[in-house]
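A.B. asks: Pasting a structure below so you can have a look.
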Amino acid sequence: MSIAEEVECLRRIPLFANIDTSKLKLLAFTSERMSFRAGDVLFHQDDTGTCAYILMSGEAEVMVNGPGGPVPVATLASNEIVGEIAILCDVPRTATVRAATDLETLCVPKDHFFQLVTEFPQMGLEIMRVLAHRLEQTTLRLREVLSGKV
Amino acid sequence: MESSIFQFILRHSTRQQVVLTIMTLASFPFLYASLDLPKRIVNEAIAGKKLPETFLGFHLDQVTYLWVLCGLFLILVVLNGWFKYIINTYKGRLGERMLRRLRYELYVRVLRFPLPRFRKMSPGEIIPMITAEVEPLGGFIGDAIAIPVFQGGTLLVYIAFIFIQDPVLGAAAVSLYPFQGWLIPRLQRKVNQLGKQRVRAMRQIADRIGETVSGIQEVHTHDTAAWHLADLSHRLGDVYDIRFEIYQRKFFVKFLNNFINQLTPFFFYAIGGYLVIHGRLSFGALVAVLAAYKDLAAPWKELLDWYQQKEDNRIKYEQVVEQFHVPDLLEDRLLSAEEDLPLRGTLTFQNVGFGEDGGSRVLEAVNCDIPLDGHTAVIGIGSGRDELAQLAARVLLPSSGQIRLGETDYTALPESVTGRRATYVGATPYLFSASLYDNLVYGLRHRPMRAGEHEEPPERRRRRLSEAMLSGNATYDTRADWIDYAAAGCDGPADLKARILKVLTLVNLDDDVYAMGLSRTVDPEQRPEVAAAVMEAREAMRAMLEENPDLGRLVERFDPARFTMNSSVAENLLFGTPVGPIFQPDALASNPYVLHVLAKVGLTDRFLEIGHKVAETMVELFAGLPPGHEFFERFSFIGFAELPEYQAILARTAKDGLGALRPAERTRLMSLPFRLIPARHRLGLIKPEGEARLLEARRVFAEDLPADLRGAVAFFEPDTYNAAASIQDNILFGKLVYGQAQVGSKVGRILADLVDRLHLRDTVVEVGLDHPVGVAGSRLSAAQRQKAALARAMLKRPDVLILSEATSGLDTASQNKVHSAIMEDRKGCGLIWVLHRAALARAFDRVIVLKDGRIAEQGRFEDLSKPGTVLHEMMAAE
């Protein structure tokens, strides 16, 4: 798979949807391709995170540590991003992610990501927009949950 | 050492000086004859006047007489030249021998300096003294006696001649000599003083430069470059001033000399002329005296020059030697004696004090017994701990008091005892710029043990040996085997290697050396067994990677018939490791042979196109970034500074096509594809068809390679050891695959397992021992340096091992490991350890607690470890 395809893949992720092709290309070029075999762990819960993964092909399982061991909470497919929370704010990984099938990813290191945002404020604005959107969704869900309880 | 240069010359070269003088005097008649003969040729043979009737009993006509005289002249020319040649060679050799002796003696003195001296004297001062400052002395020593004797003698002869002709005129001719002899030294004296100042100023400059080099980190940390520049500029200005004044005075002396010399002829012409006119002096006599005086001027000038030179060299010598006259120089016997005495029993400190002259005492009134068969810990508050350790190791000598070993005066033992039977390791040990192995066995090299193998012919060796003796130098053979295997408890080199491996494990340095070994190259001709073992490992690795696809995905092996996706295009083309600069990746685009290969397989245009695409992509990606952005360094094929050039190239191609590019621009574009690593850069520029063509180019490259370039590349051959690649690369024989998670550490583990399984680890560690440690060990980390120094000390198996915070640079885990390993190894042997944590003293037989340079308490740990003691206080504070 070449840079061009990776750029296409990045474009389908909402976080990067409205960002210039040339910037996405730079992001792709400076990121490392990383393959995982089915069963390999991308990262463990509570580790410190240094990069986010963009799934190019294959599926990954998200698991959270429960009292009786890891509990799968979600499955991710291609064109999805995982681990971005850890690179946006310094918190430990909130879940364990494991490759469910053979997995192709693009690994975006935290410092590259920040350097790009610093150099190109447009990217920062886009990310703010996406995050605000997410926050709104979460607030909405919270309100629903609260009203359901009351 | 002789305090004046003439004492030095006479002491070591009187005989040679006499020979030289005799040779010089012997040459004189021939010189005189050769000056006289031309006159006879002109006056007698050519002009035909006063033709002798017979010559040596033969009757000669005029022409034959001319031939004979000319022949004689030729012989004299050869004889004179020969004399000069012989005398100059003799002088040169004498000068060099004396210089060699002087330098050697100065170096011996450096070795004999008491250690505190080095706090006052820096390498920057010592080095130029021994090297540059004494250099001119060699030239002078040959002239020291011969010139004054010869020229003085000549002068006397001429003066005598003039006096015989006419005493009055003779007196006139030399009348100004006493005045000159009185005046010139007086003027010279000031020049001498300036010369001394100049030497001092230059030495300080050398010292400052040395300091700048040592402290370069501080200079950059604190932005003090300007301050240093100002300081140096100021000092250079001082030197300039001094030199300028020297010139002024020196040339004034010269001027005065010349003037006085010309003043005498003035009197001759004036007074002599007057006397001739009045008939009181014959005309002939005046001419003769004038001619003699003219002859007089030359030796007189030589003598004055010699005088100036002598003064110059006298000062140089004195200035150097006075720096090496140190009052408490170590006795020569301490260094040279060959005695042996096991260090057993008890080391007794009686009222020992230590401190620098005039400075405060760091140790005072120390009284203690240190048994040399047990473990003693030294802890304390304030100064003196390290000094106590160094005194116990006899690296330092006490300023007052006594240290005794039983009945023996410990401080008077030669280093052949203290340097072999005791060993001190401090916190910042020094490693020499050599291989790690050489540094480890350094402590075993006391004297040559066995004759070594020599490549040079025995005749040359004998000559060099006798030359060393003539200059009073050491005659030890550096090529001999100096390693004292017995001291390490070994019977030979192989045994020593095994022991070194054990010691490395003991100080926890084995993993480091293993890693060094993996990344080293080995010459398969010199160490065929290593190459063979590595080839075996390569085969095992191949089998393992093929059997297990999970592992196989981590490494892309080199295959002559396949394109390596994880290698650069350059490496794919060469299919080997470049040796030397010719085929380095950056040089390929301008290498005529490589261009020939590309043209032959029809890849030139394709390369240009790919280069163009790469340039386009790079400009697109990186043009928006600010200069100096780290992405340029890490990712871009094009540096920020080159961007405009490439932009210009791209603009030109857009207008006129690739064909219109100038050769330099073509080279720039052509250089880009070589750096492409398809699997890493993922630009999709190398297509399957291109790979096939590159494989063809690879084949042609190897086939057509001219014989003179054959040495510039070491090809990857599956069944041959690659001498230019590291052991690790030789075993892997391939590239780590990009994009595999943690591929580096995974393969590292596989490699380690494999190496262990094949029992190759010791071999790799052995190769790692060849790792050069760099200047002062700078290529090792601080912790590695400490471990290496510990290993060096342990290898010697000293009777008493003295450590002074020798593990302070290690992390806690390895510190604990190394501590217990050393304690275990030293069971029943002497160990004195200055600890940085009081609690560690628990494991020792005895504890000495120092407080501000005095012993506060000493005894068993259990007895001291109770409330109210300094030890207790210290442990509470930890």
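Here, each number is a calculation from the coordinates, and none is a lab measurement. None of these values were measured; they are calculated from a predicted model. Counting neighbours? That spans all protein chains shown, and the Cβs are built from the backbone with ideal geometry, glycine included.
A.B. asks: Among the trypsin sites (Lys or Arg not before Pro) in segment B:563-640, which ones are in a DSSP loop with at most 11 other Cβ atoms within 10 Å of the Cβ? Mind listing them? Don't jump to the answer; show the numbers that get you there.
C.D. replies: Values: sites: B:Lys600, B:Arg606, B:Lys613, B:Arg634; in loops: none.
Qualifying residues, ordered by number: none.
A.B. asks: Here is a further query. What whole-number distance in Å separates the alpha-carbon centres of segment B:475-543 and segment B:16-53?
C.D. replies: 71
A.B. asks: Among B:Met98, A:Met56, which comes first, second and so on when ranked by fewest other beta-carbon atoms within 10 Å? Walk me through the intermediate numbers first.
C.D. replies: Values: B:Met98 25, A:Met56 20.
Least crowded to most crowded, the residues run A:Met56, B:Met98.
A.B. asks: Considering only DSSP beta bridges where both residues belong to chain B, give the percentage that are antiparallel (nearest 5).
C.D. replies: Working: 30 of 49 bridges.
Restricted to chain B, the bridges split so that about 60 percent are antiparallel.
A.B. asks: Could I ask something else about it? Using alpha carbons only, how many angstrom separate the centre of segment B:393-433 from the centre of segment B:640-670?
C.D. replies: Result: 70 Å between the Cα centres.
A.B. asks: Continuing with the same structure: May I ask what percent, to the nearest 5, of DSSP beta bridges between residues of the protein assembly as shown are antiparallel? Display every interim value, and only then the final one.
C.D. replies: Values: 57 of 77 bridges.
Within the protein assembly as shown, antiparallel bridges account for around 75 percent of the total.
A.B. asks: Note down the net charge around B:Ser3, summing +1 for each Lys or Arg and -1 for each Asp or Glu among other residues with Cβ under 10 Å from its Cβ. Write out the running numbers ahead of the final one.
C.D. replies: Details: positive: none; negative: B:Glu2, B:Glu318, B:Glu322.
Residues close to B:Ser3 contribute a combined charge of -3.
A.B. asks: Tell me, what is the percent relative contact order of segment B:5-324, built from C-alpha pairs under 8 Å that lie six or more residues apart? Let's see the in-between values first.
C.D. replies: Details: 222 pairs, mean separation 82.8, N = 320.
26 percent.
A.B. asks: Only Cα pairs under 8 Å and at least 6 apart count here; give the relative contact order of segment B:669-816 as a rounded whole percent.
C.D. replies: Values: 39 pairs, mean separation 17.0, N = 148.
It rounds to 11 percent for segment B:669-816.
A.B. asks: Within the set of other residues whose C-beta is less than 11 Å from the C-beta of A:Met123, count the net charge using Lys and Arg as +1 and Asp and Glu as -1. Display every interim value, and only then the final one.
C.D. replies: Values: positive: A:Lys23, A:Arg129; negative: A:Asp20, A:Glu119, A:Glu126.
Around A:Met123, the surrounding residues sum to -1.
A.B. asks: State the dimensionless ratio Rg/Rh of segment B:5-324 (Rg: radius of gyration of Cα atoms; Rh: Kirkwood radius).
C.D. replies: Working: Rg = 27.2 Å, Rh = 24.3 Å.
That ratio equals 1.12.
A.B. asks: Given the -39500 (n - 2.57) contribution per DSSP H run of 4+ residues, what per-residue ellipticity at 222 nm results for chain A, rounded to the nearest 500 deg cm²/dmol? If you can, show how the numbers build up before the last one.
C.D. replies: Numbers: 5 runs with 63 residues, N = 150.
One gets -13000 deg cm²/dmol as the mean residue ellipticity at 222 nm.
A.B. asks: Loop-only GluC sites (Glu not before Pro) in segment B:606-697, please: DSSP not H, G, I, E or B, and at most 14 other Cβ atoms within 10 Å.
C.D. replies: Details: sites: B:Glu609, B:Glu616, B:Glu620, B:Glu630, B:Glu633, B:Glu642, B:Glu645, B:Glu665, B:Glu689, B:Glu691, B:Glu696; in loops: none.
The qualifying sites: there are none.
A.B. asks: Using alpha carbons only, how many angstrom separate the centre of segment B:148-214 from the centre of segment A:1-41?
C.D. replies: Here the answer is 85 Å between Cα centres.
A.B. asks: Less than 13 Å Cβ to Cβ from A:Gly49, Lys/Arg counted +1 and Asp/Glu -1: what total charge do the surrounding residues give? Show your work: numbers first, answer last.
C.D. replies: Numbers: positive: A:Arg93, A:Lys110; negative: A:Asp46, A:Asp47, A:Glu84, A:Asp90, A:Asp111.
In short, -3.
A.B. asks: Can you tell me how much longer the chain between B:Ile86 and B:Glu339 gets when fully stretched, taken as 0.36 nm per residue apart minus their C-alpha distance, in nm with one decimal? Before the final figure, lay out each step's value.
C.D. replies: Details: separation 253, 0.36 × 253 = 91.08 nm, distance 4.62 nm.
The B:Ile86-B:Glu339 span can extend by a further 86.5 nm.
A.B. asks: Further question on the same structure: Could you work out the relative contact order of chain A, using alpha carbon pairs under 8 angstrom and six or more residues apart, expressed as a whole percent?
C.D. replies: So the answer I get is 29 percent.
A.B. asks: A follow-up question, please. Sticking with the crude label model, points 7 Å out along Cα→Cβ, report the distance from B:Asp719 to B:Ala648 in nm, one decimal please.
C.D. replies: 5.4
A.B. asks: What is the mean projected area of the alpha carbon convex hull for the protein assembly as shown, to one decimal in square nanometres? Could you put the intermediate results ahead of the total?
C.D. replies: Values: hull surface 274.9 nm².
Taking the Cα atoms of the protein assembly as shown, their convex hull projects to 68.7 nm² on average.
A.B. asks: Can you sort B:Val110, B:Val775 so the residue with the fewest Cβ neighbours within 10 Å comes first? Walk me through the intermediate numbers first.
C.D. replies: Working: B:Val110 17, B:Val775 10.
By the 10 Å Cβ count, ascending: B:Val775, B:Val110.
A.B. asks: Next question. Output needed: percent of Cα pairs per 20 Å distance bin for chain B, bins running from 0 to the one holding the longest distance.
C.D. replies: 10, 26, 28, 23, 10, 2, 0
A.B. asks: Using +1 at the C-beta of Lys and Arg and -1 at the C-beta of Asp and Glu, which of A:Pro72, A:Val117, A:Leu135 has the Cα lying farthest in the positive direction of the dipole of segment A:3-149?
C.D. replies: A:Leu135
A.B. asks: I would also like to ask the following. How about segment A:33-73: which chymotrypsin sites (Phe, Trp or Tyr not before Pro) there are in a DSSP loop, with at most 14 other Cβ atoms within 10 Å of their Cβ?
C.D. replies: none
A.B. asks: So, one more: Are there any helices in chain B, counted as whole DSSP H runs, that stretch 27 Å or more along their axis by Cα and score at least 1.6 on average by Kyte-Doolittle, and if so which? Show your work: numbers first, answer last.
C.D. replies: On the way: long enough: B:5-40 (46 Å, 0.49); B:62-112 (74 Å, 0.44); B:146-165 (28 Å, 1.73); B:177-214 (54 Å, -0.66); B:225-267 (62 Å, -0.01); B:283-324 (62 Å, -0.31); B:528-547 (28 Å, 0.03).
Membrane-span-like by this rule: B:146-165.
A.B. asks: To make sure I understand, if each residue's beta carbon is the centre and we count other beta carbons within 10 Å, what order do A:Cys107, B:Cys70 fall in, fewest to most? Mind showing how you got there, number by number?
C.D. replies: Details: A:Cys107 18, B:Cys70 13.
The fewest-first ordering by Cβ neighbours comes to B:Cys70, A:Cys107.
A.B. asks: How long is the gain from B:Arg662 to B:Glu318 if the chain were fully straight, where each residue apart is worth 0.36 nm and the alpha carbon distance is subtracted? Intermediate values should be presented prior to the final figure.
C.D. replies: Values: separation 344, 0.36 × 344 = 123.84 nm, distance 6.58 nm.
Fully extending the segment from B:Arg662 to B:Glu318 adds 117.3 nm.
A.B. asks: Starting from the Cα of B:Ala270, step 7 Å along the direction of its Cβ; do the same at B:Met823; then give the gap between the two resulting points in nm.
C.D. replies: Each label point is offset 7 Å from its Cα along the Cβ direction, giving 9.9 nm.
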